[in-house]
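A.B. asks: Below you'll find the structure I mean.
What follows draws every value from the coordinates through simple rules; no lab data is involved. Owing to the predicted nature of the structure, the values given are computational and were not obtained by experimental measurement. So basically every Cβ, Gly included, is an ideal-geometry build from the backbone, and we count neighbours across all protein chains shown.
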Amino acid sequence: MQKKKRYAVAGVSNRAIYFFIGQLLNNYSNYGEIVGLLDSDFSRMRMANEKYGTNFPMYSEDEFDKMISETKPDVIIVACRDGLHHIYIIQALKHDLDVITEKPLTIDEEKCAQMVSALKKSKGKVIVTFNYRYAPYATKIREIVETGKVGRVVSVDLNWYLDTHHGASYFQRWNRLREVSGGLSIHKSCHHFDLVSWWIGQKPMEVFAYGALNFYGPNGVHNPLKPEQIGDGRTCLTCDVRHKCKYYMRWNRQEFRRGSNTEKIDEHVDPAQRYEGYSPRQCIFDPQINIEDTYNVVVKYDGGAFLSYSLNASVPYEGFRLGINGTEGRIEYTEFHAASRLPFPDPGPQPVIYIPMFGGKEEIDLINLGGGHGGGDPLILDELFIGPDELAPVKRSAGIEDGIDAVLTGVAVHRSANEHKIISVDEMRKRVFSAS
């Protein structure tokens, strides 16, 4: 059996507690162990230890070097807020340690360049956890393209929908601030941009985009607040007009019936989502929101393909629709998420459809063994903690270059939407990789 690796966690987020720490303890203890936790909030680290009955050493955000010296990890797992990823990735690389980081890799071009500079001087490597790659549908689509059955890919249509529950959640939490999340064009869309680049085997070159804030913020079309109430720091559980909020009443009617209030907040908030002085149920109509909820994007790739992409964060149902057009055929795929929240009967698993240019349609049913992110989470965990799947039909692991391409595409989307011009991803990429 391979030697057990030692992992330290930088950023004890909800994802870190349940996905990384919990999985290592419960399913991968023969392959690795947690040796230290680092976070700005000691209550979260104590919470993680209490949850699992552990006594992992806890370190403050400025004690990274101390943690390395005392716990001697082999790998750093970075799962803090997006805008802080680069800090711990760079420090890990300075210690020649490997890194597993949550997506997105970071939130802007400058931070990408700083990490590339650190990587050039390090023996460590960086893995970005793009778990969507591991979902059965995603792997099958990559396999079909790689075999040449669609020929050279010339265009992709991808429309992604977040429902009024999931979409609104980004505007209740820290994600609503561009300075810490990069906005949804990075935080959320990086998944989608990575998938497209991986599927078609082409790198993004240019972006033109439109973006808007239609549903959230003080001008949101369903805002029930009076002008004097906007921006007063209210949360869902302290709001006296929440019964007039369509988003709250759609998903929290039972909570409203119970008469929840600030004294009962612990009943309704997952303890792992709490930071000191922070609420994950902030008002979705707050004026501090500075990110968009709607995008339409065109991306040009180095192999000649075009992507037509949209993201909408307030739709009646959740899922996506995909079409990939090549010189020899087409791939189609539709997926519906969160079956319990669909406003219509769940259509169930959908096949990947392949249509040759001059032949009949082929429907490919998928085997999904379950797990989060469309069945991708268990498979990426196996690869992270055990090793690559030698039987997998395609390579799925994502490195720092993949992470940078996804981030820079998202950066270009926001810049294009605000500057009303084409933005060159290629120029940004060249600047990033020329960093010294």
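A.B. asks: Whole Å is fine, so just give me how far the alpha carbon centre of the range 389-431 lies from that of the range 293-364.
C.D. replies: 20 Å
A.B. asks: Right, something else. Mind sorting out which of (1) 65, 53, 42; (2) 59, 44, 41; (3) 75, 69, 42 is the real Cα extents along the principal axes in Å computed from the coordinates?
C.D. replies: (1)
A.B. asks: Tally Lys/Arg at +1 and Asp/Glu at -1 over every other residue whose Cβ is under 15 Å from the Cβ of Gly182; what's the total?
C.D. replies: -2
A.B. asks: Could I ask something else about it? Report the FRET efficiency, 1/(1 + (r/R0)^6), for Thr238 and Asn14, where r is their Cβ-Cβ distance and R0 is 25 Å, rounded to 0.05.
C.D. replies: After rounding, the FRET efficiency stands at 0.65.
A.B. asks: Follow-up question, since we're still on this one. Mind ordering 374-381, 362-369 by average Cβ neighbours within 10 Å, highest first?
C.D. replies: Sorting 374-381, 362-369 by mean packing, highest first, produces 374-381, 362-369.
A.B. asks: What does the C-alpha gyration tensor say about the overall shape of the range 67-202? Classify as rounded when a/c is under 1.5, otherwise prolate if a/b is larger than b/c, or oblate.
C.D. replies: Oblate.
A.B. asks: Another one. Sequence-distant or interchain residues sharing an amide H contact under 5 Å with Arg152, placed H: which?
C.D. replies: Thr327, Glu328
A.B. asks: Please list, ordered by chain and number, the residues whose modelled amide H lies under 5 Å from the amide H of Ile77; skip anything fewer than 5 residues away on the same chain.
C.D. replies: Residues meeting the amide H criterion: Ala8, Val9, Ala10, Ile100.
A.B. asks: Then there is this: Residue separation times 0.36 nm, minus the C-alpha to C-alpha distance between Ser424 and Ser340: what's the value?
C.D. replies: 26.1 nm is the gain from fully extending Ser424 to Ser340.
A.B. asks: For Ser314, enumerate residues with amide H under 5 Å from its amide H, sequence gap 5+ or separate chain, H modeled in the peptide plane.
C.D. replies: Excluding prolines and chain starts, which carry no amide H, the hits are Leu162.
A.B. asks: Which distance in Å, rounded to a whole number, links the C-alpha centroids of the range 172-201 and the range 81-114?
C.D. replies: Rounded to whole Å, the Cα centres lie 15 Å apart.
A.B. asks: By how many nm would the segment from Phe42 to Glu228 grow when fully extended, if each residue of separation counts as 0.36 nm and the alpha-carbon distance is taken off?
C.D. replies: Separation in residues times 0.36 nm, less the Cα-Cα distance, equals 63.4 nm.
A.B. asks: Share of antiparallel DSSP beta bridges in the chain, in percent to the nearest 5?
C.D. replies: Taking every DSSP beta bridge with both residues in the chain, the antiparallel ones total about 60 percent.
A.B. asks: Measuring from label point to label point, each 7 Å out along Cα→Cβ, what is the Phe433 to Glu110 span in nm?
C.D. replies: 2.4 nm
A.B. asks: Quick one: net charge around Asp346, please, counting Lys, Arg +1 and Asp, Glu -1 for every other residue with C-beta under 13 Å from its C-beta.
C.D. replies: In short, -1.
A.B. asks: For the range 142-159, what does the Karplus curve 6.51 cos²θ - 1.76 cosθ + 1.60, with θ = phi - 60°, yield as ³J(HN,Hα) per residue in whole Hz, taken in order and with x for Gly and Pro?
C.D. replies: 4, 5, 4, 5, 5, 6, x, 5, 9, x, 7, 5, 10, 7, 9, 10, 9, 10
A.B. asks: Output the relative contact order of the chain, whole-number percent, from Cα pairs under 8 angstrom with separation of 6+ residues.
C.D. replies: 23 percent.
A.B. asks: Follow-up. Kindly flag which residue pairs out of Lys3/Lys203; Lys5/Lys395; Lys66/Lys125; Lys111/Lys395; Lys51/Lys244 have an alpha-carbon separation exceeding 25 Å in this structure.
C.D. replies: Violating the 25 Å Cα-Cα cut-off are Lys3/Lys203; Lys111/Lys395; Lys51/Lys244.
A.B. asks: Would you mind counting up the charge near Tyr28? Only other residues with Cβ under 15 Å from its Cβ, with Lys and Arg at +1 and Asp and Glu at -1.
C.D. replies: Values: positive: Lys3, Lys4, Lys5, Arg6; negative: Glu33, Asp74, Asp377, Asp382, Glu383, Asp389.
Around Tyr28, the charge tally is -2.
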